[in-house]
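We did not get these values from a lab; they are worked out from the coordinates using the rules stated. For clarity, every value in this text was computed on a predicted model and none was experimentally measured. With ideal geometry, Cβ positions are generated from the backbone for all residues, glycine too; neighbour counts draw on all protein chains shown.
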Amino acid sequence: MKLTAGSRWKSAVCDTEVVIVRPPKDEGQLECGGSAMLAMSAARPPGAVPQPERSGGTLLGKRYADEARGLEVLCTKGGTGTLALDGKALTLRAATPLPSSD
């Protein structure tokens, strides 16, 4: 799976969709709900559901990252699956505080 900046992916097991903001330093498999994510043009398999231990959910408009490998994604459609890179769950990035306008 070639993860490039701007490429869009969807989950095979839930409604989650993401866009790659920053690709990883090395190749890896982006996963959601314990299954590999699909290109936007691919069809979801019928009846697929997230693995129970990988169903923490994703939130619309939030960024998820693996700092060690350099990956950052933006969630464009939320779902029930947990995002991961090669089995390691991505962490929710905190919003960067803006400077005071006083």
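In this entry, residue 72 is excluded by the filter for residues that are farther than 18 Å from residue 1 by Cα and among the acidic types (Asp, Glu).
Residue check: is residue 13 in a strand (DSSP E or B) and surrounded by 18 or more Cβ atoms within 10 Å (Cβ to Cβ)?
It is false that residue 13 is in a strand (DSSP E or B) and surrounded by 18 or more Cβ atoms within 10 Å (Cβ to Cβ).
Matching residues to (1) in contact with a Leu (Cβ under 9 Å, 6 or more places away or on another chain); (2) polar (S, T, N, Q):
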position: 35; (1), (2): no, yes
position: 59; (1), (2): yes, no
position: 67; (1), (2): no, no
position: 75; (1), (2): yes, no
position: 82; (1), (2): yes, yes
position: 91; (1), (2): no, yes
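Scanning region 68-102 for residues that are of a type outside the set (Gly, Ala, Ser) and loosely packed, with under 12 Cβ neighbours inside 10 Å yields a total of 5. Filtered by the rule that a residue be more than 23 Å from residue 27 (Cα to Cα), touching a residue at least 60 places away in the same chain (Cβ under 8 Å) and of a type in the set (S, T, N, Q), region 52-102 gives a lone residue, 80. For region 16-33, the tally of residues that are in a loop (DSSP other than H, G, I, E, B) and in contact with a Ser or Thr (Cβ under 8 Å, 6 or more places away or on another chain) stands at 3.
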